[in-house]
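See below for the structure under consideration.
The values are calculated or read from the model by the stated rules, or taken from the named source; none is laboratory data. Remember, predicted model here, so these are calculated numbers, not experimental data. For neighbour counting, all protein chains shown are included, and Cβ atoms are generated from backbone atoms with ideal geometry for every residue, glycine included.
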Amino acid sequence: MPTDPTEPSLFDAPLPPDVPAPDAPDAGPASETAAPPWDGPDAPADPDAEAFDGPPRETLFLADALALAYRAYFSMRNSPLTTPDGLTDTRALYGFATAILKLLEDHAPEHIAVVFDAMTGGPNFRQEAFADYKGHRPPMPDGIKGALPYIKRFVEALDIPVLEVEGVEADDVIGTLARRAQTEDVDVVIFSPDKDFRQLLADRTVPAAGESGRGAVHMLRPPYQGEAFDRETPATFRERYGGLDPEQFVDL
């Protein structure tokens, strides 16, 4: 972002008309003073967990925009940040930008996309199938809702592809892309604090004769405190949950 005060900033250009915000990530009750339960510092993942085994392969990084914005906002709930005029809360934008820049610095991904929930206001396919889907969720804080257009503009300024599919939640887009990449023997890193992605964790598979292998899926979670990313792998998952495999996470 520009550092010269005479240069235009992300906040200078007009934004599109206000539209209904997407649903919060998989959360229970939350407030302005409490971090959402899905994001709590349970047993931390191992920041020194091994990266992918075997020779290097192509790796696709998929960042979960909304979950990262929530994490950033609530991690700074006691340290308000605003624009100089005090009118725009910048906690979500600042924390998101810091996390993405650190990801780029530490991992230098060649293939990366940031996935957003489509902010069109229309229902997604789950809401069409079940009218009360996520009906218990608290409303999105204004500090997050107002930051999302700026977050998208920040990602575009970095020349990182922005992905959003109308009628489909970002979680489903990320899961679909991860599984598709695996079938093409590409490793995947999901950059998100959302624990639901743990069910996608997978090891590389060794190809049989005449067949292609399958890529691995790991997660990187921004730390609740500290500077190291938490890498979650099938091995760290099994250690945490007493030998269960990641695909059994849906049963917990």
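Report, by residue number, each residue of the range 67-106 that is aliphatic (A, V, I, L, M) and touching a Pro at 6+ places or on another chain (Cβ under 6 Å). Full working, then the answer.
So in the range 67-106, the residues aliphatic (A, V, I, L, M) come out as 67-69, 72, 76, 81, 87, 92-93, 97, 99-101, 103-104.
Passing the criteria: A67, A99.
Among the residues of the range 230-242, are any modelled with pLDDT under 90, outside any helix (DSSP H, G or I) and surrounded by fewer than 16 Cβ atoms within 10 Å (Cβ to Cβ)?
no
Which residues, taken from the range 172-213, are of a type in the set (V, I, T), more than 17 Å from the chain's Cα centre (by Cα) and not in a strand (DSSP E or B)? So that I can check it myself, show each step before the final result.
First pass over the range 172-213, keeping only residues of a type in the set (V, I, T): 173-174, 176, 183, 186, 188-190, 205-206.
Among the residues that remain, those that are also more than 17 Å from the chain's Cα centre (by Cα) are: 183, 186, 205-206.
Hits for the range 172-213 are T183, V186, V206.
Which numbered condition in (1) assigned to a loop (DSSP other than H, G, I, E, B); (2) modelled with pLDDT of 85 or more; (3) over 23 Å from R214 (Cα atoms) is the only one that A67 fails?
(1)
If you go through the range 118-125 one residue at a time, do you hit one that is modelled with pLDDT of 85 or more, surrounded by 14 or more Cβ atoms within 10 Å (Cβ to Cβ) and touching a helix residue (DSSP H, G or I) at 6+ places or on another chain (Cβ under 8 Å)?
no
Count, please, the residues in the range 137-171 that happen to be part of a helix (DSSP H, G or I) and out of contact with any strand residue (DSSP E or B) (no Cβ under 8 Å at 6 or more places or on another chain). Reasoning before the result, please.
Taking the range 137-171 as the starting set, the residues that turn out to be part of a helix (DSSP H, G or I) are 142-145, 148-157, 170-171.
When the remaining residues are screened for being out of contact with any strand residue (DSSP E or B) (no Cβ under 8 Å at 6 or more places or on another chain), the result is 144-145, 148-151, 153-154, 157.
Matching residues across the range 137-171 total 9.
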